[in-house]
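One structure is given below, encoded as structure tokens.
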Amino acid sequence: MSERRPAAAADRLPVLKTHKVYVGGKFPRSESGRFDRALAPDGTPIANICRCSRKDVRDAVTAARAAQAGWAARTAYNRGQILYRIAEMLEGRSGQFEALLAAGGTAPDEAAAEVQAATDRLLHYAGWTDKFQQVFSSVNPVATSHFNFSILEPMGVVGVLAPESPLLGLVSSIAPAIAGGNTTVVLVTGSQPLPATTLGEVLNSSDVPGGVVNILTGRRDEMLAPLAAHRDVDGLLLCSPDPDVTRSAEIEAVHNLKRVAVRGHEDWTDIQSPYEITDLQEVKTTWHPIGS
Amino acid sequence: MQSSTATASFESPPIDTVGVEERVARLCSRSIKKDAKLHALHLTLSMIDLTTLEGADSEGKVRQLCAKALQLHAALPDLPHVAAVCVYPALVGVARRALEGSGINVASVATSFPAGQAPIEIKLLEVRKAVEAGADEVDMVISRGRFLAGDFAYTADEIASVKEACGEAHLKVILETGELGTLDAVRRASDLAMRSGADFIKTSTGKIKPAATMPVVLVMLEAIRDHYLRTGEKIGMKPAGGISTAKDAIRHLVMVRETLGQDWLDPDLYRFGASSLANDVLRQIVKQGSGIYQSFDDFSL
């Protein structure tokens, strides 16, 4: 009998993973059945990714809406624990993310630095979840016999156009949104979608309830307009340096007067602050009668 | 009225469960788009029995539901009105006054809904009171316990006496298929109800899951078809419970059209018992017009 040997690398067809999208805590394919190729910088295909349609956007918004009340009702402390847990899981898979970033053309030492920065960014917002209310809420001076105070509440469902920065920018846009109790529909349309789809796997294994983060891959011109116009989306976070892109989304957003935050950064290294959270909050002011 | 022994002693055909499921799967794969979809959505609205059956129902809640029935969505004045408003007997009078002259029927559940565990005299009294208060339609529940114990004659007599107590009012017979266990029992109960005087057969109370699943509805539609072929009598169908999206409703319409034909695509012969379906249909109608996905916040409760 001949000895069994692994086939030589040259004989073997590589198995290209289809990176599926992350919606409602599950990993479906696009309802359209369409896919695109993720390419290395030299043009070789490295994976298949879903090319989502407006109906996937619709389904993702439904999932985000269903999850929103429960996520906002969690204690801020618990949301912080869960964000910390995402960081733990990300740290545990740092090698995989470094490889994905390297396959997309990032130099190896930069890739390692980016994964670390993304992990640390999650810790930053994990710490803020139960603190930003104290810092930004206020008791207001009024001239009438009222106790007047303002508190922050999550917008609800926030649509995120993810930045080109494939991991650090992505984490920096999602983390402040969910830290404040929003649920998100994230459109990943950049040239390197694989860290995003893999981040979905990390989120799914780190106590984040299904539907809090929904990640769709595909083409911006097919998904952004239906998301921006969707009347069940309460806010938009548009991470794009291109004013034409953000402007057209802002025009679509007028249907239900969504609040829109625009982030034009190319470099996300220093973009962390509690104002990233408060930009995706609504202020509720209460006039409470006192005295006689 | 037929005698109970004659009514109860018939054979219902056996049901091929796998065949039913395959047929349902095939019918669910139909794609209804654009104008046909819009037509189906309007038809769905006209078939809805807008329902509130909660212990917490008050006069105010029923009046508000009737206001919704009269005007589904202010921004779309050309919508059809729903078929009926369905309430508990104690609130029939309130609904009657609110809907007077609108063409919308008042339906009332009766016979100790939803369990049906009360003496027959009390059930009949409840039916008479509901009709006196102005109910155009009565939704009764069968005694599932007696039916499952094999006492078909009792069930047949019960339906026949409720029918008598209804007088002019239409009788819908709720089989509560979620408690019947098998499709064979669903078929037998359907046959029994139709032979005993039902004007409509209805799947469920909405209080038990599963409720109006597609296979159950298909079996009941086939029973209606066989009854029609045998007697020439057109019995109506009302799935209730669990149909909350426009997509589900359209699938049901496809199934009705393919099983019973065009005649049954009419509020006189087909109804949806639903509390949240109307708003999803409205959402889809507005979306068809504007191209923009809608929020439930945009529609009244």
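List the residues whose amide H sits under 5 Å from the amide H of A:Arg263, counting only those 5 or more places along or on another chain, with H placed 1.01 Å from N in the peptide plane.
Amide H neighbours of A:Arg263: A:Leu238, A:Cys239, A:Ser240.
Can you compute the modelled spin-label distance between A:Phe147 and A:Asn256, with each label point 7 Å from Cα toward Cβ, in nm?
3.4
For chain A, which span is the longest to avoid every loop-located (per DSSP) member of GluC sites (Glu not before Pro) having at most 12 other Cβ atoms inside 10 Å?
A:4-265
Which entries of A:Lys26/B:Lys202; B:Lys68/B:Lys238; A:Lys17/A:Lys55; A:Lys26/B:Lys247 have Cα-Cα distances beyond 28 Å here?
A:Lys26/B:Lys202
Are there trypsin sites (Lys or Arg not before Pro) in segment A:130-228 that DSSP marks as loop and that have at most 15 other Cβ atoms within 10 Å, and which are they?
A:Lys131, A:Arg219
At most 15 other Cβ atoms within 10 Å and a DSSP loop assignment: could you name the GluC sites (Glu not before Pro) in segment B:162-266 that fit?
Qualifying residues, ordered by number: B:Glu168, B:Glu233.
Which one, A:Thr189, A:Ile251, A:Ser145, is farthest towards the positive end of the dipole of segment A:142-263 when Lys and Arg carry +1 and Asp and Glu -1 on their Cβ?
A:Ser145
Counting other C-beta atoms within 10 Å, which of A:Tyr84, A:Tyr22, A:Tyr275 has the fewest, and how do the rest follow?
So the ranking, lowest neighbour count to highest, is A:Tyr275, A:Tyr84, A:Tyr22.
Using a 10 Å cut-off on Cβ to Cβ distances, tally the other chain neighbours for every residue of A:227-240 and report the average as a whole number.
Mean partner shielding for this stretch: 2.
With loop defined by DSSP as not H, G, I, E or B, and exposure as at most 16 other Cβ atoms within 10 Å, which is the longest segment of chain B clear of exposed trypsin sites (Lys or Arg not before Pro)?
Counting only loop sites that pass the neighbour cut-off, the longest clear stretch is B:34-206.
Just so you know, all these numbers are worked out from the coordinates, no wet-lab data involved. Since this is a predicted model, take the numbers as computed values, not measurements. Because the Cβ atoms are built from the backbone with ideal geometry, glycine has one as well, and the counts that use them run over all protein chains shown.
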